[in-house]
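The structure appears below as structure tokens.
None of the figures in this text is laboratory data; all of them are computed from the coordinates on show. Only a predicted model underlies this, so the values are computations on that prediction, with no experimental measurement involved. FYI the Cβ positions are ideal-geometry reconstructions off the backbone, even for glycines, and counts take in every protein chain you see.
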């Protein structure tokens, strides 16, 4: 049950509004999100805006050097991974951990998910962040499973 959706964000305010809508759709059940995109494309900005929409008041930063940042809200925890600095063997050591972060009521974001070697066999949402010719951000979403398909359908409304 794969669903897809694209949105073009011309400003940071557009990205913030998109993230707020996303947060409303996931605040009750959570989700697992694989983020793709070049450095500076807007992956962390999207995570930051989702976290703010869910009530995180602390600074949300890229977990590039620590691999995982954790944030807590009154509704659910947010786990923010970055696989960029892990080598193949390093990624293999955390695949079981990533699976654990896919279960239950939480939001898990994984930046540079392409380094997971396509070893994510559970329900997840893929978000690819790219630039267009005008330097706008395009967020392309694709669901892999029933739970993530509901999120994509909710964003289309």
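Structure notes:
- Estimated at 0.36 nm per residue, the fully extended path between residue 21 and residue 2 surpasses their Cα-Cα distance by 4.8 nm.
- In this simple spin-label approximation, residue 11 and residue 130 carry label points 7 Å from Cα along the Cα→Cβ vector, and these lie 2.6 nm apart.
- Sites residue 28 and residue 156 - FRET efficiency at Förster radius 25 Å, r taken between beta-carbons, to 0.05: 0.85
- Full extension of the chain between residue 75 and residue 138 gives 19.8 nm of extra length, using 0.36 nm per residue less the Cα-Cα distance.
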